[in-house]
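The values are calculated or read from the model by the stated rules, or taken from the named source; none is laboratory data. Bear in mind the structure is a predicted one, so any value in this text is a computation, not a measurement. Here the Cβ positions follow ideal geometry from the backbone for every residue, glycine too, while neighbour counts run over all protein chains shown.
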Amino acid sequence: MLDMRLLAGRPCSSEYQSTFSVFPFLTWFGGRYAILAFVSLFIWVIVPGGSNSLLRQFDSGQFRVLESNFLYGGEKIYAIIEIGGKQYKVAPKQTIEVERLDVPEGDIVELDRVLFIGGDKDNVVGDPVIKGAKVVATSLGEAKGEKVIAFRYKSKVRHRSKRGHRQTYTKILVNEIIKGEGE
């Protein structure tokens, strides 16, 4: 089943919700970088030549905001794929973190659970997946996520237990999206 929230933009935290309702195009940039992206666009429009260094920082991957070709206005194709029971909206040249895959660093990964392919001209919806469609990606290795604290507490008996957990993720770089037979 296709999660329709992915088509409407990325989910965001509540502190930026009012900003997104006023400027809906900021959902392209995601939660914590939305204000920074808006300020850089403001500088780019108002100050002539004042944004070149800031845009170079965006392009170098320091902020990891504009990694997608989809945002530059190049090849405007994106797909919604399913990996590990979760759905991700991906575009070519985008880096995402998915649940741990048993793939060594540098290997090619072919993801064939493509639920939706969209772009400028046409959209293809799978039933539940698109036959022959796949997303070709490169594994960039494994990384650990932020620590999640599981704290249990019972009142009046001095019982407390604290346990931390860091989930292992695999970073993948999306190389291309191949349309299948469902065109």
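Results for (1) at pLDDT below 90; (2) outside any loop (DSSP other than H, G, I, E, B), shown as yes or no for each residue.
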position: Phe58; (1), (2): yes, yes
position: Gln62; (1), (2): yes, no
position: Val65; (1), (2): yes, no
position: Ala79; (1), (2): no, yes
position: Glu82; (1), (2): no, yes
position: Lys89; (1), (2): no, yes
position: Lys93; (1), (2): no, no
position: Glu97; (1), (2): no, yes
position: Gly106; (1), (2): no, no
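Check region 151-163 and report whether any residue there is of a type in the set (Ser, Thr, Tyr) and surrounded by 11 or more Cβ atoms within 10 Å (Cβ to Cβ).
no
Could you please tell me which pairs satisfy a Cβ distance under 7 Å, a separation of 6+ or placement on different chains, a first residue in region 151-168 that is not assigned by TED's automatic domain parsing to the domain that holds Arg100, and a second residue that is outside any strand (DSSP E or B) and at pLDDT 95 or above?
If the second residue must be outside any strand (DSSP E or B) and at pLDDT 95 or above, no pairs are left.
Scan region 136-183 for residues that are of a type in the set (A, V, I, L, M) and either assigned to a loop (DSSP other than H, G, I, E, B) or in contact with a Pro (Cβ under 9 Å, 6 or more places away or on another chain) (or both) and jot them down.
Hits for region 136-183 are Val157, Val174, Ile177.
It is to be established whether one or more residues within region 111-131 are closer than 20 Å to Glu181 by Cα, touching a residue at least 60 places away in the same chain (Cβ under 8 Å), among the charged types (D, E, K, R) and assigned by TED's automatic domain parsing to the domain that holds Val174.
Yes, region 111-131 contains at least one residue that is closer than 20 Å to Glu181 by Cα, touching a residue at least 60 places away in the same chain (Cβ under 8 Å), among the charged types (D, E, K, R) and assigned by TED's automatic domain parsing to the domain that holds Val174.
Given Val148, Val136, which one is surrounded by fewer than 18 Cβ atoms within 10 Å (Cβ to Cβ), modelled with pLDDT of 95 or more and either closer than 12 Å to Ile177 by Cα or among the charged types (D, E, K, R) (or both)?
None of the other options fit; the residue is Val136.
Within region 67-77, restricting attention to residues that are in contact with a strand residue (DSSP E or B) (Cβ under 7 Å, 6 or more places away or on another chain) and either at pLDDT 55 or above or surrounded by fewer than 16 Cβ atoms within 10 Å (Cβ to Cβ) (or both), which residue is farthest from Ser139 (Cα to Cα)?
Ranking the qualifying residues of region 67-77, first place goes to Lys76.
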